[in-house]
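Quick notes on the structure that follows.
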Amino acid sequence: MKSNSQSLEIKQILYLIRQNWPWFVIGALIGLLAGLVYNKATNQQFQASTSILIKTEDNNTALKSLYKDLDINEKSTSIQNQIAILSSYDLNLRTLENLRWDFSWYEDRWLNQQDLSDNPPFNLSKPNYFNEVKDVPVLIQAISPTSYSLSYDAETTINGKKVKLQHKTAVDFGKPFINDYFNFTLTQATGSADDPGKEYILQFNDPREQALAFEGALDIKLADKDAEVLNVKINGDDPSRLVEYLNELGQTYILFGLSERNRMADNTVRFIDSLINNIDSSLQTAGNQYSAFRSKNKVLDFGKETSLVIEKGKDIDEQTAEARIKLDYYGNLKKYLNDPAGIKNLVAPSVVGITDPSLNNLVLKLSDLFTQREVQSYTLQEKNPRLEALDKEIKYTQRILGENINSLLSNTQQELNSLSVERAQLGQQQATLPKIEQNFISIKRNFDLNSDLYNFLMQRRTEAGIVKASNEPDATIIDPAISDTVKPIGHHGGINLLIGAVTGLVLAFLIILLKKYLGSRIRMISDVLAALDVPLTAIIRRSNLNSALPAYEYAHSAVAESFRDVRTKIILHWPNHSGCKVISVNSCISKEGKSFVSSNLACMMALDNKKVLLVDMDLRKPDIHTIFKVNNNLGMSNYLKSETTFENLLVNTIRGLTLITAGSHAEYPSELLHTDRLNRFFDLAKKQFDYVIIKNPPSMLISDSRLIDKYADLNLFLLKFKYSARTEINYINELIKINKQADIFVILNNVSASNDLMNMKGYGYYHEEKMRTS
């Protein structure tokens with residue numbers, strides 16, 4: 001019969017709607033008004049997008065070979081790193097600085113401000129050197145074709161101090177407005193004279209705040225897990241600016257990536273240029289000396305010994321020059337070892353002729369680690385595990401590189417010492433030659449050394465320039481943002497009105513339900529006394545004890561005393577009691593305490609040395625078997641279906657109390673209760689027991705209880721304090737009026753000690769002692 005109860009609930013809901021239809025109309029109107037206000041207070045949101053292809057591999061074999069020759073690290077491009085760069089604050093700030101959105105125009109509208117940046121009401125020019133106060137609204141209003149009024153009244157922070165800015169004046173178009181906070185010139189824009197007197201808001205933007213806002217609005221994801229394409233989306237209320245921003249962001253990102261690829265080549269060129277500048281003047285001087293000496297002394301050739309001295313001296317000088325360059329490089333490398341900026345600007349060791357593979361790898365690895373950390377720091381906090389792991393790897397690489405540098409410094413210094421000894425020995429041999437030949441050897445040695453070093457460096461510079469010229473960006477924009485692909489997102493317009501109306505209807509319904517089921521709850525005992533047509537029979541105190549049978553397990557508790565009061569009034573109701581009496585425990589709706597009251601009342605009657613039978617007649621939602629912790633496999637439903645005998649139903653519990661559970665699931669309880677088996681059941685029960693206490697199903701929801709109540713000598717109706725509705729009192733009053741119930745007792749259940757207990761102060765000496773009755 002579950003469908004019947006659902007049908008009843010639907011009918012009650014429909015009746016509730018019909019009875020309160022004006023509230024639904026009001027709710028819908030309020031919702032429509034809220035939707036209209038929301039539409040006015042907010043702007044339609046749009047989404048623009050662009051697609052960027054990330055190049056993770058370079059197929060240019062010749063360029064790869066040139067990179068290898070120069071030992072310039074060709075970094076692999078990580079997709080996750082590129083996402084971090086694109087979404088970084090730094091790149092977004094660079095983008096905004098390129099766009100130069102220094103100021104914005106707005107128009108005040110009802111509940112909203114309309115952005116007029118794409119169609120400004122006036123032309124504005126300002127000097128680049130002046131830094132205006134940011135985010136202060138300046139009100140501009142044309143007062144004539146030649147002048148306008150300017151005013152502002154705001155509080156802002158300048159250099160960490162709060163400053164109150166207030167000003168109002170008239171300014172001529174075309175003349176600059178200058179004070180400590182602003183410096184700009186306004187001229188009339190085309191069409192601005194069409195609406196004279198309208199007030200506009202001018203606001204100078206803080207690029208840092210803008211960068212944070214755009215950074216938060218970006219959504220960057222891989223187009224596919226196996227793809228190398230990034231989909232970049234951004235949300236906002238100005239479609240044209242979204243398109244312009246995404247395209248500039250893409251270009252700024254590409255230039256950033258290209259500059260990173262060119263960094264090592266640029267470092268190499270700068271380093272070589274600094275060496276060439278030092279050599280250039282020395283080479284010119286040495287060349288002039290060499291030419292002048294040969295011309296003056298008519299030197300054409302010398303003997304074999306002189307040639308050998310020249311060649312050997314040239315070798316020693318070349319080795320010495322190379323060793324000194326190495327020594328300088330090692331010194332600079334050691335100096336900048338712990339400096340990220342210094343490491344980032346170092347050149348590859350091979351540029352200065354150092355072919356140590358271990359050193360090359362360590363320098364390039366350290367540079368790469370610093371770059372990775374810089375990229376990761378754009379989006380990660382300092383305590384992030386990935387950053388901490390990178391820091392550990394950087395420290396380890398620095399330590400190994402430091403040990404390597406110390407060793408190389410020592411070896412190079414020893415090499416210089418050895419070359420110095422060889423040079424001294426060669427000097428002794430040179431001293432035996434004629435004076436003119438000695439002078440020629442010195443001049444030629446100086447010229448050859450500078451000339452060879454110059455040619456070597458120029459070759460390296462050319463190679464580095466080729467690398468830089470051959471570099472390509474790591475990324476390509478394959479789908480630029482265009483206005484045709486911008487799409488509206490979210491709800492706006494008529495959809496918001498519909499949502500508002502539906503929300504208003506739902507809220508109206510919820511308020512009516514709350515009013516019905518909460519506002520009409522029994523909150524005071526006086527409410528029951530005033531509305532009930534018969535006296536309130538008894539009050540059962542709320543049990544704070546951890547027991548389903550406090551009347552039996554805690555005999556000295558206040559709740560047990562409440563059940564003694566009910567037992568006494570039942571006994572007094574039949575002063576000349578003879579035979580068996582059937583007591584039905586009822587409530588209008590579920591969860592008002594029928595199982596609790598019927599079980600504890602049965603225990604209390606049994607403690608009076610009576611033979612009591614407790615029967616769970618709620619065949620739809622049985623639960624008394626859980627209170628007494630017995631199984632529910634066999635019970636009333638089985639008896640009514642003729643599946644068992646009366647004797648097989650009886651379950652002994654405490655002394656004097658016998659229980660009959662509801663039994664296995666019954667598909668049609670009402671039909672079972674219509675059978676003659678129910679008559680037979682009560683005949684047998686009355687012969688064996690002094691009292692039969694029945695727990696009934698809710699009487700307002702289903703009709704089963706009425707089929708059972710006709711067998712009852714006394715009907716106990718429960719009202720639950722702060723739960724039952726006042727309409728239930730009306731229902732009980734109607735039952736009394738139509739006089740279809742034998743006798744009715746009304747009991748108020750679950751009343752706490754803090755509430756008005758109808759002057760029942762005598763109950764104050766009872767305490768909820770957790771003492772089991774013996």
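The single residue among Thr653, Thr661, Thr727 that is over 28 Å from Ile571 (Cα atoms) and either assigned by TED's automatic domain parsing to the domain that holds Asn600 or of a type in the set (Asp, Glu) (or both) turns out to be Thr727. Would you check if Ser699 is at pLDDT below 85, closer than 30 Å to Ser578 by Cβ, under 53 Å from the mean Cα position of the chain (by Cα) and assigned by TED's automatic domain parsing to the domain that holds Pro622? For Ser699, the condition - at pLDDT below 85, closer than 30 Å to Ser578 by Cβ, under 53 Å from the mean Cα position of the chain (by Cα) and assigned by TED's automatic domain parsing to the domain that holds Pro622 - is met.
Look at Asn715 and say whether it is of a type in the set (S, T, N, Q), surrounded by fewer than 19 Cβ atoms within 10 Å (Cβ to Cβ) and under 23 Å from Lys610 (Cα atoms). No; evaluated as a whole, the condition is false for this residue. Applying the criterion of at least 3 residues that are closer than 19 Å to Met700 by Cα to the helices (runs of 4 or more DSSP H) found wholly in region 582-679 leaves 594-606, 669-673.
Based on this model, can you work out whether Thr252 counts as part of a strand (DSSP E or B) and of a type in the set (S, T, N, Q)? Against the criterion (part of a strand (DSSP E or B) and of a type in the set (S, T, N, Q)), Thr252 does not qualify.
Condition check ((1) under 21 Å from Lys629 (Cα atoms); (2) touching a Lys or Arg at 6+ places or on another chain (Cβ under 7 Å); (3) free of Cβ contacts under 8 Å to residues at least 40 places away in the same chain) across all residues:
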{"site": "Arg541", "(1), (2), (3)": "no, no, no"}
{"site": "Leu545", "(1), (2), (3)": "yes, yes, no"}
{"site": "Pro550", "(1), (2), (3)": "yes, no, no"}
{"site": "Ser557", "(1), (2), (3)": "no, no, no"}
{"site": "Ser584", "(1), (2), (3)": "no, no, no"}
{"site": "Cys588", "(1), (2), (3)": "no, no, no"}
{"site": "Lys591", "(1), (2), (3)": "yes, no, no"}
{"site": "Ser599", "(1), (2), (3)": "yes, no, no"}
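Taking the listed residues Ser547, Ser557, the one that is among the small types (Gly, Ala, Ser), surrounded by fewer than 22 Cβ atoms within 10 Å (Cβ to Cβ) and modelled with pLDDT of 90 or more is Ser547, with no other qualifying. Can you find a residue in region 606-620 that is in contact (Cβ under 8 Å) with a residue 12 or more places away in the chain, exposed (fewer than 14 other Cβ atoms within 10 Å of the Cβ) and on the phi < 0 side of the Ramachandran plot? The answer is no, given that none of the residues of region 606-620 is in contact (Cβ under 8 Å) with a residue 12 or more places away in the chain, exposed (fewer than 14 other Cβ atoms within 10 Å of the Cβ) and on the phi < 0 side of the Ramachandran plot. Scanning region 115-140 for residues that are over 14 Å from Phe204 (Cβ atoms), touching a residue at least 24 places away in the same chain (Cβ under 8 Å) and either exposed (fewer than 15 other Cβ atoms within 10 Å of the Cβ) or under 35 Å from the mean Cα position of the chain (by Cα) (or both) returns Asp115, Leu116, Asp118, Asn123. Residues that are out of contact with any His (no Cβ under 9 Å at 6 or more places or on another chain) and part of a loop (DSSP other than H, G, I, E, B) within region 680-712 comprise Phe689, Asn696, Pro697, Pro698, Ser699, Met700, Leu701, Ile702, Ser703, Lys710, Tyr711, Ala712, listed in sequence order.
The values are calculated or read from the model by the stated rules, or taken from the named source; none is laboratory data. Note that the coordinates shown come from a computational prediction; the quantities given were computed from them, not determined experimentally. Note that we place each Cβ from the backbone using ideal geometry, even for glycine, and neighbour counts take in every protein chain shown.
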